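The values are calculated or read from the model by the stated rules, or taken from the named source; none is laboratory data. This one's a predicted model, so the numbers in the text were calculated from it and none came from an experiment. Here the Cβ positions follow ideal geometry from the backbone for every residue, glycine too, while neighbour counts run over all protein chains shown. Side chains are part of the model used for accessible areas, which takes the heavy atoms of the whole protein and leaves out ligands, DNA and RNA. Shrake-Rupley method; radii C 1.70, N 1.55, O 1.52, S 1.80 Å.
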Amino acid sequence: MLPLFVALSHSWLGQYMQQSRWGFAVVEAIHLLGLAVLGGVVLVVDLRLLGLILKTESARNIARGLSRTLLASLTVMLLTGIALTSEEALKCYHSPAFRWKMLLLAAALLFYFTFHRAALLRTDKYQTNLWSRLAGAVSLTLWLGVGVAGRAIGLL
């Protein structure tokens, strides 16, 4: 994996991010806006799965209505995340917080697009069940972990 991070650091993107006066700040601002949108979508869908909000709406319909927003914000987050990583690729490679973030991100994405979707399909229109509550709780925990680990990268 180290050669990949070295190559990212020396790529045109890495060089731009390292040498630009405003590149990192602008990309980070876009990353944080993507985070706000992604976090909002995840929060709304998962709180509905937990049965805490929008009880008169179907969790499946809410998720379906927000799916494009989720995918767009996730795409923005992934692209800007690569750009941010390219600026400090070797620091990220050696950072335990970065490794945790990547592990939790992979787990959150895998969970969200498999078990979470299955829970949405099993959820009655207005009722929640153990499966949906568990899916909402696990999803929120994983995404919170991604955010906390991401914040820890800058602190460590």
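Note down the relative contact order for the chain as a percent, whole number, built from C-alpha pairs under 8 angstrom at least six residues apart. Walk me through the numbers on the way to the answer.
Working: 168 pairs, mean separation 52.4, N = 156.
Answer for the chain is 34 percent.
Are there any helices in the chain, counted as whole DSSP H runs, that stretch 27 Å or more along their axis by Cα and score at least -1.0 on average by Kyte-Doolittle, and if so which? Display every interim value, and only then the final one.
Values: long enough: 23-49 (38 Å, 1.94); 59-87 (39 Å, 0.77); 130-155 (37 Å, 1.23).
Sorted by number, the helices that extend far enough and score high enough are 23-49, 59-87, 130-155.
Taking the Cβ of PHE24 as the center, what net charge do the other residues with Cβ under 14 Å away carry, scoring Lys and Arg +1 and Asp and Glu -1?
Numbers: positive: ARG21, LYS91; negative: GLU28, GLU87, GLU88.
Taking every Cβ under 14 Å from that of PHE24, the sum is -1.
On the protein heavy atoms, probe 1.4 angstrom, tell me the percent of accessible surface of the chain carried by carbon and sulfur. Kindly include the intermediate steps, with their values, before the conclusion.
On the way: 6540 of 9260 Å².
Looking at the chain in its full context, I get 71 percent from C and S.
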Margin query: Using 0.36 nm times the number of residues separating THR114 and TYR16, minus their current alpha carbon distance, what extension gain do you get?
Written below: 31.6 nm
Item checked: For the chain, calculated [θ]222 nm from helices alone, where every DSSP H run of n ≥ 4 adds -39500 (n - 2.57) -> -27500 deg cm²/dmol
Margin query: Probe of 1.4 angstrom, ligands and nucleic acids ignored: what's the accessible area per residue over the range 1-116, in square angstrom?
Written below: 58
Check: To the nearest 10 square angstrom, what accessible area does LYS91 show with a 1.4 Å probe?
Finding: 80
Next item on the list: Go through the range 1-50 and name the chymotrypsin sites (Phe, Trp or Tyr not before Pro) that are in a DSSP coil and have 13 or fewer other Cβ atoms within 10 Å of their Cβ.
Entry: TRP22
Next item on the list: Give the shape of the chain as rounded, prolate or oblate, defined through the alpha-carbon gyration tensor: a ≥ b ≥ c are the square roots of its eigenvalues, a/c under 1.5 means rounded, and otherwise the shape is prolate if a/b is larger than b/c and oblate if not.
Entry: prolate
Item checked: ARG122 versus VAL148: modelled label distance in nm, points set 7 Å from Cα along the beta carbon direction -> 2.6
Notebook entry, point to check: LEU43 to MET1: FRET efficiency via 1/(1 + (r/R0)^6), r the Cβ-Cβ distance, R0 25 Å, to the nearest 0.05?
Noted result: 0.20
Next item on the list: State, to one decimal in nm, how far the label point of SER58 lies from the label point of ILE82, with both points 7 Å from Cα in the Cβ direction.
Entry: 3.6
Margin query: Which one, TRP143, LEU43, LEU90, is farthest towards the positive end of the dipole of the chain when Lys and Arg carry +1 and Asp and Glu -1 on their Cβ?
Written below: LEU43
